[in-house]
Structures are given as C-alpha cells and as structure tokens.
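As structure tokens, the structure follows; a few thoughts come after it.
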Amino acid sequence: MVSEEYRGARKWSRNKQAVATVIWISFLAASVATMLFFAVFDPTELIATLNVDIDIGVQTGYALGFFFFWIISAGCSAVTAWLVRTAPKRDTIHR
Amino acid sequence: MSKAAQTDQPRAAALYESAKKIYPREINGRFATLSKLATYALLGLFYAVPWLMWDGRQAFLFDLPARKFHLLGLTLWPQDFIYLAWLLMIAAFLLFFITALAGRLWCGFACPQTVWTEAFIWMEQLTEGTRSQRMKLDKAPWSLSKLRRKGSKQFLWIMFSLWTGFTFVGYFMPIRQLGVDILAINVGGWTLFWGLFYAFATYGNAGYMREQVCKYMCPYARFQSAMFDRDTLIISYDEGRGEPRGGRKRSVDRQKEGLGDCIDCTLCVQVCPTGIDIRDGLQYDCIACAACIDACDSVMDKMDYPRGLVRYTTEHAMEGKTSRILRPRMYVYAALLTVLMSALITSLVTRTPVILDVIRDRNTLYRELPGDVIENSYTVKIINQSNDARNFRLSVAGVPGLTLDGAAEVTVGGGDILSQPVRARTHRDNAYGIMNITFSVTATDDESVIVIEDSRFLGPTP
C-alpha cells in the first residue's frame, strides 16, 4: 500500500467545482457565440442602426458582445447546475 | 474504461480524502523526452508564429478591427467564416480519430493545459528544486531563503504569463507595433485588458489549477472514453505480472518468495501529475502523459527485470488477444476526415476572391423612357476579397437587347466594398412581365475570376 505521503490528489470542494465549471464552460460557449455573431454582424454597423449618438469603437463592441454572451451563458449554466444539485431526491425512496 | 474506474471507487475515494498538493516528481526517460520535445515544439510555435512576416505584413494575423484574417498569402473575410467552421470540424474529427487510435495522446502531450503546466513545473523545479525539496520548502517556516525561492518562482511565472498574454494579443493586432506601443506605455484599454486577462488565465491554470482543470472542468476528459474501444492504446499496469507487489532486495529471487515484479517503490505515483496510482486500473483522471512508464522502466532496469510492467497496451492485448489497428471505426473516421479535408482544399483553391450582390430598386417597378425604352434600377455591391485593387467588368444578360447604363468597368480597392447604382435598359418589345436576368462581374486582369448573380427585370404587362 502506498503511504499517505504520496497520495496527493487535491480535491476541490463541490462548490469550487461547480463555480469553476460554470465559468469555464460558459466562457467556451461565449467564445463560440461571439465568433458566430460577429462573423455576421459588424459591431460598428450594429451600433449605427441603434440610432444612438455614441462612438464606442470596434474593440469595445467586440468586448461588450463577448461579455454579454458570457454573462448570459454563465447565468444559464449556474441556474442549471443549481437546479440539478438541489433537486429533491425522491427517486431514491422508491427504488 | 468507466467500468474499471467504477470498480475502483472505494480505493479512489480513499485517495481523494487527502487534500494535499501534488508535487510531481521529475523524471527522465523515453516519454519524458518526447513530452519535452512536444512542449518545445508547441510553445515554440505559439511564441514564434506572430513574429513571422509575409509580403511585408504579419503572416498570421486575425485582424478583428479590420474584420479580416491573414493566413500567409490568404486573406479571409467574414463571408469566409464557413472555412473557419469547417477547419474546426476537421480538428474535432482528427481528435476523435487520434483518440480512438491512441487514446489520450492529446491530453498527455499536446493540450495547452498540459504543455503550459509542464513549462510552469519546469520553472518551479528551477527555483524550488526537486520534489522532496519542494515538499520540505512548503513545510518549512518562512525564512529569507524560502522567500527568495518562492519569490523567484513567482517572478518567473508572472513574467512568462505576461509574455504569453502579449503573444496572445499579438495574434489579433500587429505584434511589432504592439511591442513598440508597450515600451512607449501607449496601449489601448482593451488591448491591455485582454493581454492581462490571458496572462492571468495562464498563471492560474498552469500555476495553480493544473490537473484539477482536467478532472473537473474539461468536457473532453469526460467524453473521450466514448471514442475508446478494446483496441485503443492505453497506459496500463500489468497486474498479472506485478502482483503480489512488495519491497525486496535486488538479490532476492522473486519466484521463491512468491512476489510479482512490482517492488512497490511508488515512483509511478510520485511522478503522476494528477496524483493517481496507475496500479488501481484505468481511471479517467489519467491524462496518459506516460510519466509512470518512464518511472517504472527505470526501476525495472535497476532490478534487472524486463521493462513494461507499466506500458502502452490495449485491453485486448492485456487479455491475451491480438489488437487490431484497422477496424471499422478507424475506416469511418479516416473516410470522414478525407472527405472534409479534400472539400476544404478544393473550395479554398477554387475560391473566387470576389462577391457580387445585386439589389433591385424596390420603389419603382420600371420606368418608361422616351424612344420606347424600359428601364430598371439596381444597386450592385462588389466586394473585392483580394489584397490588391482590381478592375471589374460588369455585364448583364437574360433579355434580348439588355444593356447597362452606368459604369460598366469599375475599380475596387483591395478588401473594399463598392456600392454602385446601375440601370438596365431594353426596348419595350423585349420587356414583358417578370423576366429572370443575370448580372456578372469579371476581373479584367483574370477572366477566370467571375461571379454571376441572379436578379429580375420587370416590364409592362398588357
């Protein structure tokens, strides 16, 4: 048997796992969404159609788009993770 | 794979209970050399590619503000997005193909997480020493020498991370200019933000999160077993040969003592970057870096036992059956890859670097001009996707006697979009109801560069 000294796998708490997973997967989703979205729409043209008199520039446009998608997908992932984890475990009684 | 992992649940659970930091032990050997080579090659590519030049501009530049991607001599526009999607699909199938063939080769040798972690561990060894030195250092109370070692590690890590962030941003804006801007402390807010963002992600992922990313955050690590079959290359401990394990002197006759080949030196566990014991069976925490093979081989050499107690093998081979490389799923993946790749290459080679868009003026159906002439108005959009200015000849066909009024030959700058109002005319005798016509645009310097677009010509209905 391997002595405990060598057994070294760190274990993240379930909350830490959930937070890290939600952030990371929604980051990936937001990256894909940003790519798809801005392949079709030019941020400067998009702002022009809004009829607002601000010039935020193309870089800010991309960044805002990315964070918009990230927040939306992170929110969705977080709620999903929370619902899955807090679901009533009725099934175990009937089994 | 999952079955093996499940049967080992109780032992695996015991393994997790200790919430200790992993101190992977340094190792030399065939696979460690291979892994180092892969790290040098991949990191070398990442850091060198933005500096390459092509025709006086950066060879690989994803110019987001200008909305065009430069890849060597090729320039891609948002309209070419399909190529990028196609390329990603090829990459995905290539990954499936390699996974089915050789298991988690990607995880162990090519994944950025692994490669950057490798680099960070190397810096850790440089400043904090070997595995046992690092463990001792972490247990020791704070001292000047500990501060110096930890401080220099942090310094190296942070510098390397910042350089990584700089390189990353250098893929999206000209890196030489970016370097000059940084030296002059004249960097835009978002540029700085993304550089630091990527630097921080590198620092956190490769410095601290490491194997936890593979265990808890990586989707590929979870689903890769779906691509596995019993002929997939895996790293496995030969239980039949190794058990019963136990310590012994080199001179001891293991047959007489009833011992297997495993001397329980635990080196395979010490070198493991994810902190597992390969002897517990196949586990999904295993990223197949093959460090345990090197460790075990070195011990087998010392003991004068044959190598390969831990080795690359397949489940079929472990059961004493023959493993086949060529099997149905390999043919399917290979066929799909061939089709996808040849389609991409064909379409790239035959790609016409011009896009034509014709919009009919919706305000009027048609106009009657003096001399019994019927006229329709259009807006023609020509996108020149090449990098140089080009002359295009515009023509129209489909109705007898149809001619164009307005510039028949136009110049469009490299990468520019030209929007041009044109009028098509024909004699009243030829125009009748709704008629299909075609616009075509031809590059005057190369007749093969031609695009045709359908439209309609409206005439009076009696």
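The values are calculated or read from the model by the stated rules, or taken from the named source; none is laboratory data. Only a predicted model underlies this, so the values are computations on that prediction, with no experimental measurement involved. We place every Cβ from the backbone using ideal geometry, glycine too, and count neighbours over all the protein chains shown. In case anyone asks, the SASA skips ligands and DNA or RNA and just uses the protein heavy atoms, side chains included. Shrake-Rupley method; radii C 1.70, N 1.55, O 1.52, S 1.80 Å.
Here are the numbers:
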| quantity | calculated |
| --- | --- |
| From phi via Karplus (6.51, -1.76, 1.60), per-residue ³J(HN,Hα) for the stretch B:71-76 in Hz, x at Gly/Pro | 10, 6, x, 9, 10, 10 |
| Environment charge of B:Phe439, counting only residues whose C-beta is closer than 12 Å and scoring Lys/Arg +1, Asp/Glu -1 | +1 |
| Value in Å of the Kirkwood radius, where the stretch B:78-136 supplies the Cα pairs that are averaged | 14.3 |
| Minimum 50 Å² accessible area buried by the other protein chains, the stretch B:208-240 residues, probe 1.4 Å, relative to alone | B:Gln212, B:Tyr216, B:Met217 |
| Check: chain B dipole with +1 on Lys, Arg Cβ and -1 on Asp, Glu Cβ, in debye | 2000 |
| With Cα atoms, 0 to 90° folded angle of helix B:30-48 axis to chain B main axis | 30 |
| Computed FRET value (nearest 0.05) for B:Arg423 with B:Tyr171, which takes r as the C-beta separation and R₀ as 41 Å | 0.35 |
| Carbon/sulfur fraction of accessible area - chain B, other protein chains in place, 1.4 Å, % | 63 |
| Helix axis angle, B:189-202 relative to chain B longest principal axis, alpha carbon, degrees | 30 |
| In nm, spacing of pseudo-spin labels at A:Cys76 and B:Leu87 (7 Å Cα→C-beta vector) | 2.6 |
| Pairs beyond 18 Å (Cα-Cα), from B:Lys249/B:Lys302; A:Lys16/B:Lys215; A:Lys11/B:Lys21; B:Lys256/B:Lys302 | B:Lys256/B:Lys302 |
| Chain B - Rg over Rh from alpha carbon coordinates, Kirkwood radius | 1.16 |
| Label point distance in nm, B:Lys321-B:Leu74, each placed 7 Å from Cα along Cα→Cβ | 4.2 |
| Candidate aspartates and glutamates - alpha carbon under 14 Å from B:Lys139, same-chain residues fewer than 8 apart omitted | A:Glu5, B:Glu128 |
| Per-pair calculated FRET efficiency, R0 = 22 Å: A:Thr44 and B:Arg456 via Cβ, rounded to 0.05 | 0.10 |
| Angle between chain B longest axis and helix B:291-303 axis [Cα atoms, degrees, rounded to 10] | 30 |
| The stretch B:361-402 - charge dipole about Cα centre, Lys and Arg +1 at Cβ, Asp and Glu -1, debye rounded to 20 | 220 |
| Average projection area in nm² (convex hull over Cα atoms of the stretch B:273-409, one quarter of hull surface) | 19.5 |
| Accessible area in square angstrom per residue, the protein assembly as shown, 1.4 angstrom probe | 54 |
| Viscosity 0.692 mPa s, 37 °C: Kirkwood-radius Stokes-Einstein D of the protein assembly as shown over Cα pairs, µm²/s | 114 |
| Computed label-point distance, nm, for sites B:Arg307 and B:Trp122 using a 7 Å Cα→Cβ extension | 2.3 |
| Chain lengthening between B:Ala334 and B:Thr403 when straightened (0.36 nm per residue, less Cα-Cα) | 19.7 nm |
| Accessible surface buried once A binds B (1.4 Å probe; total of both sides; Å²) | 3300 |
| Segment B:Lys381-B:Trp54, length gained on full extension (0.36 nm per residue, minus Cα span) | 114.7 nm |
| Rg(Cα)/(2.2 N^0.38 Å) for the stretch B:31-120, N = residue count | 1.32 |
